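In what follows, a structure is listed as structure tokens, so that the remarks can point back to it.
The values are calculated or read from the model by the stated rules, or taken from the named source; none is laboratory data. Not measured: the values here are computed from a predicted model. Cβ: placed from backbone, ideal geometry, glycine included. Neighbour counts: every protein chain shown.
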Amino acid sequence: MKKNKSAMIIALAAIALAAVLPMFITNNYHLNLMIQVLINIIIVVGLNFITGLTGQMNLGTAGIFSMGAYTSSLLATKLGLNPWICLVAAVGMGCLIGMGLGYPSLRVSGVYLALTTIGFSEIVRILMTNLTGLTGGALGVTGIPTFSIFGFKFQSNKEIYYLYLVIAVLLIFNAYRIVNSKWGRSFLAVKDNPDAVEAGGVNIANIKIMAFTLAAIYATIAGSLYSHYVGFINPSAYNLEFSINYVVMLVIGGIGSVPGNVLGAILVTLVPEFLRFMENYYWLVFSIITLLFVIFLPNGIVSLFRVKKTAEKAVKGGQANV
Amino acid sequence: MSDNREGKSVLTLKNVTKRFSGLVAVNDLSLDMKERTIHALIGPNGAGKSTAINMITGLLPLTEGEIYHEGTKISGMSAHQIAQTRCSRTFQNLKLYRSMTVKENLMMGSMMDMKQGFFPFMFNFGAAAREEKLIQEKADSILEFIGLKDLADEYPANMPYGKQKLTELARSLMSDPKLLFLDEPAAGLNPSERVEFVNIMLKVFDSGIDIFLIEHNMDVIMNISDYITVISFGAKIAEGTPEEIQQDPVVIKAYLGDRYKQNMARGAAHA
């Protein structure tokens, strides 16, 4: 109970901060970065279900994200559908991809699964580059409309930021509930000991597919939001580096923890921007920082807070003994 | 050795065979376990005991034969389906969830009875919270029953081996089993832990759960089991009550050894 309360206070403070921040930011590029942060948070929180909790390496984020983006933007530009309907279609696409990608994860694991997801992602990218008639090829899709509610069009960065903030908060809250429920426990249990899960009367196939589907839905939603924000997409960005970037966010923030995911997404999106003054060296420095994190904080930034907690407990216990 | 036991069969193995390519791990094993008994499966190392239990609980497919649980054919079902017929088990090498606390381990044991689907979960917060609370209370009561209440929030890795074994037993009780399989429950326990474990095992049996166990420790076996099946090199060599098994020359030769007979004689002399 006590833990829940303090978690809620921290969450509300974070939301308040996120809501107030744009009022002090006038630079459009900075607002753009903040929207990018929100989109990345959604992806990482989703990736946490499958790679963080269930322990199935998914390096296909680029493919899933771009499928969401293309589904949404093609429906909007070719059929003229309302962006909200396109978003729902992207969710449907997420379900399909999740089940399709979840199925091989029942047969293969580890490196083989990682390669399967990379393969999927590359196929998506190559198709999008070459199905010129449908996807516009390397030039991509342009003129994607933004969201609107009851005639109000979200157009400026600030308006879009607030809309996406609401969506992100809802998705984060939903993810937090899932992680701290029987579903989250089942995901973790599959990572820890699949035999024991089966012996407990639970079909691990269902659990794995569910985790994959959730991850895919989060990524396709992010893809849809991205495309309706930027207004144009093309396939060149959705390569392996794109996917790995999200795994880095997951690891740096903290595998398995939703607050950790959020922190990781914020840091990994923003830190390279702060390092830009180093010009050619900034990517090198960032890579070194990542490496140090993996070695010295394998459980991510959130583990810093956890360590403090157990240390406190130990001190208290010690005093009790005296 | 004639089988003149009465009562309903809860577990029946009919001519069960397991071959790993060339190796015959279990050969034409038949046995019949009666309701309200503790049935033990014993035999030398490599006799195929764990293989047998893994086949019964569905972790390994059978090569030949059939297995019934209370008249339902369970051979050919997958492990989770067999568990849903209220067969629960522990493992020889503990299979706990190491990134979860003891209580969360237990709660995971009830997952199959938490029926709320994913969409109701997303929107009906109240029902989800009630279901979670119900399982928490159940976990608390089982922790109390097993005597692990103080360790509810501990992680398995921080606990002694005996407590970890109890945690696994407690987790298996969370699924309301009618039949419980214990794979070497006393292995690796020190004498006092062993006594504790046996007492809890008897308490579990008294609460209405039939127990099928594999064990090496003869004190445990001879004291608590009602009926024993002995296998060697995958085949059944004897079957009977503990008294019958202790006298059986084939069992003494294959497994118990002459020393055991001498110790028995000495014990009898002391008595």
So, of the residues in region B:82-94 that are of a type outside the set (Val, Ile, Thr) and more than 8 Å from chain A (Cβ to nearest Cβ), which turns out to be surrounded by the most Cβ atoms within 10 Å (Cβ to Cβ)? B:Cys87
How many residues of region B:95-151 are facing chain A (nearest Cβ under 10 Å), touching a residue at least 24 places away in the same chain (Cβ under 8 Å) and aromatic (Phe, Trp, Tyr)? The answer is 1
If you go through region B:65-84 one residue at a time, do you hit one that is part of a loop (DSSP other than H, G, I, E, B), touching a residue at least 12 places away in the same chain (Cβ under 8 Å) and touching a Lys or Arg at 6+ places or on another chain (Cβ under 6 Å)? no
How many residues does region B:195-224 hold that are in contact with a strand residue (DSSP E or B) (Cβ under 7 Å, 6 or more places away or on another chain), within 19 Å of B:Pro177 (Cα to Cα) and assigned to a loop (DSSP other than H, G, I, E, B)? 1
What residue, of A:Ser109, A:Ser105, A:Ser148, A:Ser121, is closer than 17 Å to A:Gly46 by Cβ and over 19 Å from the mean Cα position of the chain (by Cα)? A:Ser105
Between B:Ser192, B:Ser172, which is assigned to a helix (DSSP H, G or I) and crowded, with 19+ Cβ neighbours inside 10 Å? B:Ser172
Count, please, the residues in region A:162-182 that happen to be assigned to a helix (DSSP H, G or I) and within 13 Å of B:Glu104 (Cβ to Cβ). 2
Has region A:202-211 got any residue that is surrounded by fewer than 18 Cβ atoms within 10 Å (Cβ to Cβ) and of a type in the set (S, T, N, Q)? yes
Are any of the residues in region A:245-254 within 12 Å of chain B (Cβ to nearest Cβ), in a helix (DSSP H, G or I) and of a type outside the set (Phe, Trp, Tyr)? no
Looking at region A:197-219, can you tell me whether even one residue there is farther than 30 Å from B:Gln81 by Cα and either assigned to a helix (DSSP H, G or I) or more than 14 Å from chain B (Cβ to nearest Cβ) (or both)? yes
Would you point out which residue out of A:Phe154, A:Phe65 is modelled with pLDDT of 95 or more and either surrounded by 14 or more Cβ atoms within 10 Å (Cβ to Cβ) or under 30 Å from B:Met100 (Cα atoms) (or both)? A:Phe65
Under the condition of being acidic (Asp, Glu) and part of a helix (DSSP H, G or I), which residue from region B:143-169 is nearest to B:Ala52 (Cα to Cα)? B:Glu168
